[in-house]
Amino acid sequence: MPGHCWGTPDQIEFLTTRLPDFQDAQRNRTTAVFWVDVNREFFKRWPDPEAEVPTITVPKKAKKGKQQVRKDYTSSSQAEWIADRKNVSQLLH
């Protein structure tokens, strides 16, 4: 089973279309400039990280102990992801 994707289909497409520019930046050793531009555009298009966090449900067949661990891990990961998005967004504005 493939892992859960971190981004929306639009976000993945946005980043995928920038792959040739990233490869050019690597060759020219200008990846820092590339990432500043990509991050700025990305956070203009998707400024609200809370709205993007997918709801993850725990299967009912899992045992109670596994549900709690999975729930804690998911909540923690989502909270960290939101905090990271806010920090990067604040740096770019």
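The values are calculated or read from the model by the stated rules, or taken from the named source; none is laboratory data. It should be emphasised that the depicted structure is a prediction, and the values quoted were computed from it without experimental measurement. Note that each Cβ is placed from the backbone with ideal geometry, even for glycine, and that neighbours are counted across all protein chains shown.
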Worksheet item: Quick one: in the stretch 31-49, which of the residues that are loosely packed, with under 12 Cβ neighbours inside 10 Å and among the basic types (Lys, Arg) is nearest to ASP10 (Cα to Cα)?
Response: ARG45
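Okay, residues lined up against (1) among the polar types (S, T, N, Q); (2) exposed (fewer than 12 other Cβ atoms within 10 Å of the Cβ); (3) at pLDDT 60 or above:
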| position | (1), (2), (3) |
| --- | --- |
| THR17 | yes, yes, yes |
| GLN26 | yes, yes, yes |
| ALA51 | no, yes, yes |
| THR55 | yes, yes, yes |
| ARG70 | no, no, no |
| ALA79 | no, yes, yes |
| HIS93 | no, yes, no |
Practice prompt. Answer with yes or no whether LYS66 is of a type in the set (D, E, K, R), modelled with pLDDT under 70 and either surrounded by 14 or more Cβ atoms within 10 Å (Cβ to Cβ) or part of a loop (DSSP other than H, G, I, E, B) (or both).
Written response: no
Worksheet item: Considering the stretch 10-47 alone, what residues qualify as being over 22 Å from ALA83 (Cβ atoms) and of a type in the set (D, E, K, R)?
Response: ASP10, GLU13, ARG18, ASP21, ASP24, ARG27, ARG29, ASP37
Discussion item. For a quick check of your reading of the model, give me the residue pairs whose first member lies in the stretch 10-23 and is within 15 Å of PRO47 (Cα to Cα) and hydrophobic (A, V, I, L, M, F, W, C), whose second is assigned to a helix (DSSP H, G or I) and modelled with pLDDT under 95, with beta-carbon atoms closer than 9 Å and at least 6 apart or on different chains.
Written reply: PHE14/VAL38; PHE14/GLU41; PHE14/PHE42; PHE14/ARG45
